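Asker: Can you read through this structure? Questions will come right after.
Please treat every number below as a calculation from the coordinates, not as lab data. Keep in mind that this is a model prediction, so the values were computed, not measured. Neighbour counts run over all protein chains shown; Cβ positions are idealised from the backbone, glycine included.
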2 protein chains.
Amino acid sequence: MRLYDYPVAPNCRRVRIFLAEKGISVPSQTIDLPRQEQLTPAYRSINPRCTVPALQLDDGTLITEVLAIWRYFEEAEPEPPLLGRDAQDKALVTMWERRMELDGFLPGMEAVRNFLRGLRSRALAGPRDYAQIPALVERGKLQLADFFFDLDEHLSRSPYVAGAEFTAADITGFVTLDFVAGRLKLPIPDDHIHLRRWSEDVASRPSFHV
Amino acid sequence: MRLYDYPVAPNCRRVRIFLAEKGISVPSQTIDLPRQEQLTPAYRSINPRCTVPALQLDDGTLITEVLAIWRYFEEAEPEPPLLGRDAQDKALVTMWERRMELDGFLPGMEAVRNFLRGLRSRALAGPRDYAQIPALVERGKLQLADFFFDLDEHLSRSPYVAGAEFTAADITGFVTLDFVAGRLKLPIPDDHIHLRRWSEDVASRPSFHV
């Protein structure tokens, strides 16, 4: 088994934190994104989508996409559960993880990718070039401000994003705050005290320092 | 239990087809999207996110987001499985469903929402107004053309999107073709023979006519 990744990339962080929470160690190989190693023929022959993270199983099967890699390890090593316990709980974790992604992570990534000069023709991850759309930087920042506001309000009633326990929804939420909004220099507003409490709590977990 | 939906909306289609494949019947209430019923105080008090589909359980718990509603029914009624059987298979279904969404469904929905005159200030679903970004219409159409091309190539080697069996990945793929690309008047190109074969096969399932 081998994990192809670039450790500081936000989607790779989501997988590394998940694995650390489960206490799973996987041999990994760094794909140097700043040097566009993901677009080389060598990596294309492994993953034609040219993305990281990507997990290669021992029989050669390649699993891409964060949610799919999470699902693999959650089913193979259920404890501790990070995607929910029973039907209702699994649905609620899926819902909250999804909201972290749709409301925060994806608009934030869009703002970053449409902003960085080095990604002028690489506004979308994947094998093909797409031009940047500057309006998405501004919209992404607006969405992140709404995301902060909504999440602060939600966390006034809930210890973690999906309820009483730490789950994958906290991983996506925190990576959005730290690695995505951080790059855009969007700190948590001072008056978002619940978001600050949760953020400090989550940041103190050993899994967030791998 | 009650499902709030607007039957022809693409995300509601994804849930209805999934339920029909499992043979599950759920009482439903139509939320009239063209009349913006999702933004009324009455519906906001049920779902502050102002989206459909939304599933209310008997204890009052509200589950929004297609993937979360799917997860609930997959766990509560596992047969026939639509999200995979064992760990590897579940990961692969998650991966393929995700690709259908990221490469096809979401860019297609973006093109539609940034195009329709009636949605001028409603470019994003949810409680807040966001202005349209016309460049997303053009980009979405480009992405859909790439999506058709890639999916045709993939289906030359696979009966269904995630392998030998029909899964949720086929639902998202087909809804993208039929309800999203259809609205943009983007038919399947004649030379995409594998995509046509799969599309005709899937369209003939009774679940796609509910």
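Asker: About its Cα centre, how strong a charge dipole does region A:2-76 have in debye, to the nearest 20, once Lys and Arg get +1 and Asp and Glu get -1 at the Cβ?
Answerer: Values: 9 positive and 9 negative charges, 46 e Å.
Value, rounded to 20: 220 debye.
Asker: Using Cα-Cα distances under 8 Å and only pairs 6 or more residues apart, what relative contact order does region A:2-76 have, in percent? All intermediate terms of the calculation are to be shown ahead of the outcome.
Answerer: Details: 90 pairs, mean separation 26.5, N = 75.
Relative contact order here is 35 percent.
Asker: On full extension of the chain, what length is gained from A:Ser207 through A:Asp191, given 0.36 nm per residue of separation minus the C-alpha to C-alpha distance?
Answerer: Working: separation 16, 0.36 × 16 = 5.76 nm, distance 2.72 nm.
Extra length available between A:Ser207 and A:Asp191 comes to 3.0 nm.
Asker: Do you know the relative contact order of region B:87-209, to the nearest whole percent, from alpha carbon pairs under 8 angstrom that are 6+ apart?
Answerer: Values: 136 pairs, mean separation 35.5, N = 123.
Relative contact order here is 29 percent.
Asker: Still on this structure: How about region B:162-202: which chymotrypsin sites (Phe, Trp or Tyr not before Pro) there lie in a loop by DSSP and see at most 12 other Cβ atoms within 10 Å?
Answerer: Details: sites: B:Phe166, B:Phe174, B:Phe179, B:Trp198; in loops: B:Phe166.
Loop-located and lightly packed - none at all.
Asker: Bin all alpha-carbon pair distances of region B:87-209 at 5 Å intervals from 0 and give each bin's fraction as a whole percent.
Answerer: 2, 12, 20, 22, 18, 12, 9, 5, 1
Asker: Related question: Rounded to the nearest 0.05, what FRET efficiency do A:Phe149 and B:Thr30 have when you use their Cβ-Cβ distance and R0 = 30 Å? Don't jump to the answer; show the numbers that get you there.
Answerer: Details: r = 31 Å, r/R0 = 1.02.
Given R0 = 30 Å and the Cβ-Cβ separation, E is 0.45.
Asker: Cut-off is 10 Å between beta-carbons; in what order do B:Phe115, A:Phe148 appear when sorted fewest neighbours first? The partial results should precede the final answer.
Answerer: Values: B:Phe115 18, A:Phe148 21.
Ordered by Cβ neighbours within 10 Å, fewest first: B:Phe115, A:Phe148.
Asker: If you add up the charges near A:Leu184, with Lys and Arg at +1 and Asp and Glu at -1, over every other residue whose beta carbon is less than 13 angstrom from its beta carbon, what do you get? Can you show the working numbers first?
Answerer: Details: positive: A:Arg113, A:Arg139, A:Lys141, A:Arg183, A:Lys185; negative: A:Glu110, A:Glu138, A:Asp178.
Local net charge: +2.
Asker: Continuing with the same structure: About the Cα centre, and with charges only on the beta carbon of Lys, Arg (+1) and Asp, Glu (-1), how big is the dipole of chain B? Nearest 20 debye, please.
Answerer: Working: 26 positive and 30 negative charges, 190 e Å.
I would put it at about 920 debye.
Asker: Let's test the formula: R0 of 22 Å, r as the Cβ-Cβ distance of A:Arg128 and B:Ala135. What FRET efficiency results, to the nearest 0.05?
Answerer: Numbers: r = 17 Å, r/R0 = 0.75.
It comes out at approximately 0.85.
Asker: Over the C-alpha atoms of region A:24-135, what are the Rg and the largest Cα-to-Cα span, Dmax, in Å?
Answerer: Answer for region A:24-135, Rg first and Dmax second: 16.6, 45 Å.
Asker: Now for a separate question. For chain A, what's the relative contact order in percent, using C-alpha pairs closer than 8 Å and at least 6 residues apart? Don't jump to the answer; show the numbers that get you there.
Answerer: Numbers: 283 pairs, mean separation 44.6, N = 210.
Normalised by residue count, the contact order of chain A is 21 percent.
Asker: Also, quick follow-up: For a distance above 16 Å, tell me the whole-number percent of Cα pairs in region A:19-73 that qualify.
Answerer: Numbers: 671 of 1485 pairs.
For region A:19-73, the share of Cα pairs beyond 16 Å comes to 45 percent.
Asker: Would you mind working out the magnitude of the charge dipole of region B:87-209 relative to its Cα centre, with +1 at each Lys and Arg C-beta and -1 at each Asp and Glu C-beta, to the nearest 20 Debye?
Answerer: Numbers: 16 positive and 18 negative charges, 136 e Å.
Magnitude of the dipole: close to 660 debye.
Asker: Using a 7 Å offset from Cα along the direction of the beta-carbon, what are the separations from A:Ala164 to the same position in each other copy, nm, ascending?
Answerer: Sorted ascending, the copy-to-copy spacings read 4.3 nm.
Asker: Which distances in nm, rounded to one decimal and ordered from shortest, link the label point of B:Gly60 to the equivalent label points in the other identical copies, with labels set 7 Å from Cα toward Cβ?
Answerer: Copy-to-copy label distances at B:Gly60, shortest first: 5.6 nm.
Asker: Projected onto the charge dipole of region B:1-134 (+1 at Lys/Arg Cβ, -1 at Asp/Glu Cβ, origin at the Cα centre), which of B:Pro127, B:Leu116, B:Val8 gives the Cα projection farthest towards the positive end?
Answerer: Positive-end residue among those listed: B:Leu116.
Asker: So, one more: Among bridges DSSP assigns within chain B, what percent are antiparallel (round to 5)?
Answerer: Working: 7 of 11 bridges.
Expressed as a percentage, antiparallel bridges in chain B total about 65.
Asker: Moving to a separate point now. Write down the percent of antiparallel bridges among all DSSP beta bridges whose residues are both part of the protein assembly as shown, to the nearest 5. Display every interim value, and only then the final one.
Answerer: On the way: 14 of 22 bridges.
Here the share of antiparallel DSSP bridges comes out near 65 percent.
Asker: Which residue fluctuates most in the GNM of chain B (Cα springs below 10 Å): B:Pro187, B:Pro27, B:Pro134?
Answerer: Among B:Pro187, B:Pro27, B:Pro134, the largest mean-square fluctuation in the Gaussian network model of chain B belongs to B:Pro27.
Asker: Could you give the distance between the Cα centres of region B:154-186 and region A:163-201, to the whole Å?
Answerer: 35
Asker: Around A:Pro81, what is the net charge, scoring Lys/Arg as +1 and Asp/Glu as -1 over all other residues with Cβ under 9 Å from its Cβ? Let's see the in-between values first.
Answerer: Values: positive: A:Arg85, A:Lys90; negative: A:Glu74, A:Glu79, A:Asp89, A:Glu165.
Surrounding charge for A:Pro81 is -2.
Asker: How far, in nm to one decimal, is A:Arg117 from itself in the other copies if the label point is set 7 angstrom along Cα toward Cβ? Shortest first, please.
Answerer: The answer, with the shortest distance listed first, is 4.3 nm.
Asker: Which links in A:Lys90/B:Lys22; A:Lys22/A:Lys90; A:Lys90/A:Lys185 stretch past 24 Å when you go from one Cα to the other? Don't jump to the answer; show the numbers that get you there.
Answerer: Numbers: A:Lys90/B:Lys22 19 Å; A:Lys22/A:Lys90 17 Å; A:Lys90/A:Lys185 33 Å.
Pairs exceeding 24 Å: A:Lys90/A:Lys185.
Asker: Can you check what the net charge comes to around A:Leu102, using other residues whose Cβ is under 14 Å from the Cβ of A:Leu102 (Lys, Arg +1; Asp, Glu -1)? The partial results should precede the final answer.
Answerer: Numbers: positive: A:Arg98, A:Arg99, A:Arg139, B:Arg49, B:Arg98, B:Arg113, B:Arg128; negative: A:Glu97, A:Glu101, A:Asp103, A:Glu110, A:Asp146, A:Asp150, B:Glu65, B:Glu101, B:Glu110.
Here the charged neighbours net out to -2.
Asker: Per residue of region A:120-130, in order, report the coupling 6.51 cos²θ - 1.76 cosθ + 1.60 (Karplus, θ = phi - 60°) as ³J(HN,Hα) in whole Hz, putting x for Gly and Pro.
Answerer: Along region A:120-130, the couplings run 3, 9, 10, 5, 10, 5, x, x, 10, 7, 9 Hz.
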